[in-house]
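Right, one structure below, let's go through it.
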Amino acid sequence: MRQRLIVGNWKMFTTAAKARRLAADVVEELGSETRVRVALCPPVPYLGIVGEVLSGTAVALGAQNVYPENEGAFTGEIGINMLLDLRCRYVIVGHSERRHTLGEDDRFINRKVVAALAAGLEVIACVGETLEQRRKRQTRACLESQLISALSGLTAEQVRHVVVAYEPVWAIGTGVNATPEQAQESAAEIRELVKERFGEESARALLILDGGSVNATNAATLMHLPDMDGGLIGHASLEADQFLSIVRSSL
Ligand code: PEP
């Protein structure tokens, strides 16, 4: 039985005060929750503040991005060792906002996956098709090429430390979520692709998250699809009540 995981991606929102309060509200309700795994991914400047609030609780800290080196002359970037230093457990890689707005390509994303796993982080690898790809019936091809590239060079053992987030680009921040049928179909394809490359056991253990306009109203259905194991929650994770309600509906 796979343990569900709900991840809050705060994107480039909050202030120091709001980040502290939001994390404290989540901890108050979920600080000792063990039935479901919960992680918060604040903006980089607030990783330390949120990490202090989460310290010693069941809620894990995650980062929204990483550079695939420990340190170096990479102005504005955050190194892998820095995330470990801040006690991050998870890192999001390949988010569509980084692919499409910041121009990250599959090769660079794969470097991040490999480097983060080598350092002991758990990777949340995002994949998802654009609206045009879906209209042209290229969803499966898109998921396959993004997934295979992101996981390139990994062993089956390493894949156990990867969580895949299915996030159709057209659903992110739009208020239009994938239907349960679309989400389940894509999740099943992702699991099948992992089975083909890394074997039955890796596929069975793989956590797949649904992302893209998941909220307190649609979460209960989306989180309980046969191949879905939780959610990567953007805007709805910025309000404690909504986020907590999503976590509760995953139980
Ligand atoms: C995300 O940031 O990964 C996301 C899914 O955003 P939203 O929930 O706002 O669509």
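The values are calculated or read from the model by the stated rules, or taken from the named source; none is laboratory data. Here the structure is a predicted model, which means the values were calculated and not measured. Neighbour counts run over all protein chains shown; Cβ positions are idealised from the backbone, glycine included. The protein model used for the area step is the full one, side chains on, heavy atoms only, and it has no ligands, DNA or RNA in it. Shrake-Rupley method; radii C 1.70, N 1.55, O 1.52, S 1.80 Å.
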Can you name every residue in the range 173-196 that is in contact (Cβ under 8 Å) with a residue 12 or more places away in the chain, touching a helix residue (DSSP H, G or I) at 6+ places or on another chain (Cβ under 7 Å) and in a helix (DSSP H, G or I)?
Pro180, Ala183, Ser186, Glu189, Ile190, Arg191, Leu193, Val194
Would you confirm, using the coordinates I've provided, whether His224 is over 10 Å from Ile6 (Cα atoms) and more than 9 Å from the ligand (Cβ to nearest atom)?
yes
Might you check whether a residue that is of a type in the set (Lys, Arg) and either open to solvent by 30 Å² or more (accessible area, probe 1.4 Å) or farther than 16 Å from Cys126 by Cα (or both) occurs anywhere in the range 182-193?
no
Any residue at all in the range 121-144 that is assigned to a helix (DSSP H, G or I), among the aliphatic types (A, V, I, L, M) and either in contact (Cβ under 8 Å) with a residue 60 or more places away in the chain or buried (at least 21 other Cβ atoms within 10 Å of the Cβ) (or both)?
yes
Checking the conditions here, which among Pro43, Pro68 is at pLDDT 95 or above and within 16 Å of the ligand (Cβ to nearest atom)?
Pro43
Result of the Cβ filter at 9 Å on the range 100-115, keeping first residues that are closer than 17 Å to Ile172 by Cβ and partners that are in a helix (DSSP H, G or I), at least 6 apart or interchain, is His100/Val169; Glu104/Arg98; Glu104/Lys112; Ile109/Arg98; Ile109/Arg99; Ile109/Gln146; Ile109/Ser149; Ile109/Ala150
Within the range 190-221, take every residue that is on the phi > 0 side of the Ramachandran plot and within 16 Å of the ligand (Cβ to nearest atom) and give me the one that is farthest from the chain's Cα centre (by Cα).
Ser213
Can you find a residue that is within 16 Å of the ligand (Cβ to nearest atom) and part of a helix (DSSP H, G or I) anywhere in the range 78-95?
no
Filter the range 49-104 down to the residues that are over 16 Å from the mean Cα position of the chain (by Cα) and on the phi > 0 side of the Ramachandran plot and list them by number.
Gly56, Gly72, Gly76, Arg87, Gly103
Residue tally, condition out of contact with any Lys or Arg (no Cβ under 9 Å at 6 or more places or on another chain), among the polar types (S, T, N, Q) and surrounded by fewer than 20 Cβ atoms within 10 Å (Cβ to Cβ), over the range 1-16:
1
Verdict on Gly153 being open to solvent by 30 Å² or more (accessible area, probe 1.4 Å), over 21 Å from Met12 (Cα atoms) and either under 14 Å from the mean Cα position of the chain (by Cα) or away from the ligand (no atom under 16 Å from the Cβ) (or both)
yes
